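The values are calculated or read from the model by the stated rules, or taken from the named source; none is laboratory data. Just so we're clear, the structure is a prediction, and the values are computed from it rather than from any experiment. Because the Cβ atoms are built from the backbone with ideal geometry, glycine has one as well, and the counts that use them run over all protein chains shown. In case anyone asks, the SASA skips ligands and DNA or RNA and just uses the protein heavy atoms, side chains included. Shrake-Rupley method; radii C 1.70, N 1.55, O 1.52, S 1.80 Å.
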Amino acid sequence: MALARRSFSVCWRRFRRKAGALPYNIGLVLFGTITKGYTVMKNILRMSRCYAPTLKEDPSDAELASHRLLLRAGMMRKNAAGLYTFLPLGMRALNKVEAIVNGEMDGIGAEQILMPFVQPAEIWHESGRWDDYGPELARMTDRHGVEYCLGPTHEELITSLVRNELRSYKQLPAYLYQTQVKFRDEIRPRFGLMRGREFMMKDGYSFHATQESLQQTYDETSEAYARMCDRMGLKWRAVEADSGQIGGKVTTEFMALAEYGEAEIVYCECGYAADAEAGECRCEVTQYERDAMEKIATPGVHTIEELAGFLGIPETSCMKALSGKDADGKIVVFFVPGDHELNDIKANRAVPGFELLTDEEMEAAGLFKGSMGPVGLPEGVRVIADWNLKDVAQWAVGANEDGFHYVGARNGEDFQVDAWADLCQVKPGDACPECGKPLDGARGIEVSQVFQLGTKYSESMGATFMDEDGLEKPFIMGCYGVGVSRSLAAIVEQYHDDAGIVWPLSVAPAHVCVVPLGKGDDIMGPAQELAEQLAALGLEVALDDRDERAGVKFADADLIGWPLQVVVGKRGLAEGKVELKLRRTGEKRDLALDSVADTFGPVAAAVAAEDLQAFDRLFS
């Protein structure tokens, strides 16, 4: 095994010098026989040499399981708020996630490129996003006074790249992708990799001559994203979503279900699913009927809960009012059902540039916080109401006077609504917009998203091609993102227990950890031999050859989350056997040393085929 400690190329050169008289093909065969253990040794990760500093205690600022465990298991270290270094074990897992992502992208015909992380401001000015993106866009100026930004996304750069290269419909469609570091200057980076400032992302971009072509690529990519989630072992849902600052009207998010996910999703047994911020809200509104509109004194009543309690009616019979202004500073008041919240994204869609008024602005506009209503509003104030209120004839609302409310206010008679819109945040219990049944709820982590951008960037940046009729037309574009580092965090959120991480086989830093209980040759020799046997079968093997107590090794093995542990001890060796432990279930069994190859052969083949339950066969 001395050859295993040298590079393959060095070994080959030295061998050829000593056996120079042999024909090349015979020498190659002989060399392969002599060095057959070289590849095996490369597949063995020796923990005594691995930089994997584990922690006994949870870091004080780590809230989520993924944040705590990735730090404790020696997978990463924090450098500053939202900035992390991946350590060797973390890189092994991250590289596997990236390999799954890249493999699926290559499989649908996308081509990999690498664009610069730093982008010129000029192209962001062309698209109009330099000013629109907000403070999350990190801007800088070089020594020549030229402005740049750290890329949070690459729509502008990819469009500027192809606009002078793709000139004819005959060159379309084109589909390019990269895996690249991104930077978003989050105001409050938290939760580790879940909301960092710097993150690893796969972003792809497609260019098309027709909508039909875009739809085909959009569907193929969606299917590839579903396979990515499955191969990573994620429990996930594809949901309707909002396109946010990227743009476009058609978009789908792939959410990893997690108890502490940052997004709320709703779903139905019929198959419908949506991000709660983007889903269509259809809720039940009840009516508090009166013979006529009546103004009543409500001293000290300023919230929906207080109003419903004062009147003895459900919150669904009350109407909630929120005031704001549009991009031009004109006042608008939104009305939504009392048991629902105004959705900021939908409010901005109804009133571009919408911002809630401050208490001072409300007072200056003649509005009364906690007592606003559509009857008798100051002149010039627009009324926009949620469409679920459209068929409610009588409203219980504020009287625009502190300490007073109206009941029985008649829509169309006592007041007028200027516009109706979907304004509410959908929530569990609301009706499914497709089948009408009550929606269920869950929380999720967005791991990937697909967008149909249309011509948003190609039109603003002058990216055109010549169609079949010789006409100049803007590219129809698609955009497809996968949070590679975020996916890693999502996996840990789904796969962990009190002892540590429980990696799915496809993304584990290694498949098996051989744990020798002792340092003597009588233990380490058989452990080394066993590790080589398993590696020769194609398994990735870690060998915990550290000079540590058994308890430390067991605790670290569970914390790091090796899918299978093979324990080599004196007592077992005396009986010709080792102990296997399945990390996912904690099950244990003995295995005879002389049956390792026969037992693990079919299992190794299943691992290679990405069977996530391959090691379960050892315990069935």
* To do: Determine which single condition Ala399 fails, assuming it passes every other condition in (1) over 43 Å from the mean Cα position of the chain (by Cα); (2) surrounded by fewer than 19 Cβ atoms within 10 Å (Cβ to Cβ); (3) aliphatic (A, V, I, L, M).
  => (2)
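Out of Val333, Val301, I need the residue that is among the aliphatic types (A, V, I, L, M) and either in a loop (DSSP other than H, G, I, E, B) or at pLDDT below 95 (or both). Which one? Spell out how you get there, then give the answer.
On the way: Val333 fails: either in a loop (DSSP other than H, G, I, E, B) or at pLDDT below 95 (or both).
Residue meeting the stated conditions: Val301.
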* Structure fact -> Checking Trp420, Trp387 in turn, the sole residue that is farther than 30 Å from Val101 by Cα, touching a helix residue (DSSP H, G or I) at 6+ places or on another chain (Cβ under 7 Å) and open to solvent by 10 Å² or more (accessible area, probe 1.4 Å) turns out to be Trp420
* Residue under evaluation Asp521, criteria (1) open to solvent by less than 20 Å² (accessible area, probe 1.4 Å); (2) of a type outside the set (Gly, Ala, Ser); (3) modelled with pLDDT under 95, criterion not met -> (1)
* Structure fact -> When every residue in the stretch 402-415 that is closer than 24 Å to Arg282 by Cβ and not aromatic (Phe, Trp, Tyr) is compared, the one least open to solvent (accessible area, probe 1.4 Å) is Ala409
* Asked: Can you spot a residue in the stretch 412-429 that is in a strand (DSSP E or B) and touching a Cys at 6+ places or on another chain (Cβ under 7 Å)?
  -> yes
* List every residue pair whose Cβ atoms lie under 6 Å apart, where the two residues are 6 or more positions apart in sequence or sit on different chains, the first residue falls within the stretch 266-278 and is free of Cβ contacts under 8 Å to residues at least 12 places away in the same chain, and the second residue, located anywhere, is among the basic types (Lys, Arg). => none
* To do: Could you check Glu579 against (1) part of a helix (DSSP H, G or I); (2) farther than 14 Å from His511 by Cβ; (3) touching a helix residue (DSSP H, G or I) at 6+ places or on another chain (Cβ under 7 Å) and say which number it fails?
  => (1)
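Ala555: small (Gly, Ala, Ser) and under 29 Å from Lys56 (Cα atoms), yes or no?
Values: small (Gly, Ala, Ser): yes; under 29 Å from Lys56 (Cα atoms): yes.
Answer is yes for this residue.
Out of the strands (runs of 3 or more DSSP E) lying entirely within the stretch 220-286, which hold 2 or more residues that are over 26 Å from Trp420 (Cα atoms)? Reasoning before the result, please.
Working: elements: 236-240, 250-257, 263-267, 273-275.
Here the list reads 236-240, 250-257.
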* To do: Please enumerate the residues belonging to the stretch 190-208 that are open to solvent by 40 Å² or more (accessible area, probe 1.4 Å) and either in contact with an Asp or Glu (Cβ under 9 Å, 6 or more places away or on another chain) or part of a helix (DSSP H, G or I) (or both).
  => Arg190, Phe191, Arg195, Arg197, Met200
* Pair list, Cβ < 7 Å and 6+ apart or interchain, from the stretch 332-354 residues that are over 22 Å from Asn400 (Cβ atoms) to residues that are of a type in the set (Val, Ile, Thr) -> Asp339/Thr316
* Does the stretch 589-612 hold any residues that are surrounded by 12 or more Cβ atoms within 10 Å (Cβ to Cβ) and part of a loop (DSSP other than H, G, I, E, B), and which are they? -> Glu610, Asp611, Leu612
* **Any chance Glu136 is charged (D, E, K, R), open to solvent by 20 Å² or more (accessible area, probe 1.4 Å), closer than 29 Å to Ser222 by Cβ and touching an Asp or Glu at 6+ places or on another chain (Cβ under 7 Å)** => yes
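Within the stretch 435-448, does at least one residue satisfy the condition of being in contact with a strand residue (DSSP E or B) (Cβ under 9 Å, 6 or more places away or on another chain), in a strand (DSSP E or B) and of a type in the set (Asp, Glu)?
Of all residues in the stretch 435-448, those in contact with a strand residue (DSSP E or B) (Cβ under 9 Å, 6 or more places away or on another chain) come to 437-448.
Imposing the further condition that a residue be in a strand (DSSP E or B) reduces the set to 438, 440-448.
Checking the rest, the ones that are also of a type in the set (Asp, Glu) come to 440, 446.
Checked against the condition, which is being in contact with a strand residue (DSSP E or B) (Cβ under 9 Å, 6 or more places away or on another chain), in a strand (DSSP E or B) and of a type in the set (Asp, Glu), the stretch 435-448 yields at least one hit.
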* Asked: Which residues, counting only those in the stretch 111-133, are within 30 Å of Ile100 (Cα to Cα) and open to solvent by less than 10 Å² (accessible area, probe 1.4 Å)?
  -> Gln119
* **Count of the stretch 583-608 residues which are acidic (Asp, Glu) and at pLDDT below 95** => 2
* To do: Could you check, for the stretch 490-503, whether at least one of its residues is farther than 30 Å from Glu579 by Cβ and either part of a strand (DSSP E or B) or open to solvent by less than 10 Å² (accessible area, probe 1.4 Å) (or both)?
  => yes
* Scan the stretch 358-375 and report the pairs whose first residue is closer than 17 Å to Gly329 by Cβ and whose second residue is surrounded by fewer than 17 Cβ atoms within 10 Å (Cβ to Cβ) and not hydroxyl-bearing (Ser, Thr, Tyr), with Cβ atoms within less than 6 Å and a gap of 6+ or a chain change. => Met362/Lys369; Gly366/Pro378
* Asked: Are any of the residues in the stretch 88-99 surrounded by fewer than 20 Cβ atoms within 10 Å (Cβ to Cβ) and touching a Phe, Trp or Tyr at 6+ places or on another chain (Cβ under 8 Å)?
  -> yes
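Yes or no, residue by residue, for (1) within 17 Å of the chain's Cα centre (by Cα); (2) farther than 20 Å from Gly271 by Cα; (3) not hydroxyl-bearing (Ser, Thr, Tyr):
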site: Leu166; (1), (2), (3): no, yes, yes
site: Thr179; (1), (2), (3): yes, yes, no
site: Arg184; (1), (2), (3): yes, yes, yes
site: Phe191; (1), (2), (3): yes, yes, yes
site: Met194; (1), (2), (3): yes, yes, yes
site: Ser206; (1), (2), (3): no, yes, no
site: Ser213; (1), (2), (3): no, yes, no
site: Ala238; (1), (2), (3): yes, no, yes
site: Asp242; (1), (2), (3): yes, no, yes
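Among the residues of the stretch 139-172, what is the count of those that are among the small types (Gly, Ala, Ser) and surrounded by 14 or more Cβ atoms within 10 Å (Cβ to Cβ)? Steps first, please.
Restricting attention to the stretch 139-172, the residues satisfying the condition of being among the small types (Gly, Ala, Ser) are 145, 151, 160, 168.
After this cut, where a residue has to be surrounded by 14 or more Cβ atoms within 10 Å (Cβ to Cβ) as well, the list is 151, 160.
So the count comes out to 2.
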* Structure fact -> The number of residues in the stretch 424-473 that are surrounded by fewer than 19 Cβ atoms within 10 Å (Cβ to Cβ), within 23 Å of Asn343 (Cβ to Cβ) and basic (Lys, Arg) is 3
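Of the residues Ala542, Ala531, Ala508, Ala535, which single one is within 30 Å of Arg184 (Cβ to Cβ) and crowded, with 24+ Cβ neighbours inside 10 Å? Show your work before the answer.
Details: Ala542 fails: within 30 Å of Arg184 (Cβ to Cβ); Ala531 fails: within 30 Å of Arg184 (Cβ to Cβ); Ala535 fails: within 30 Å of Arg184 (Cβ to Cβ).
Just one listed residue meets the conditions, Ala508.
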* Tally, over the stretch 287-316, of residues that are open to solvent by less than 40 Å² (accessible area, probe 1.4 Å) and within 19 Å of Asn411 (Cβ to Cβ) -> 6
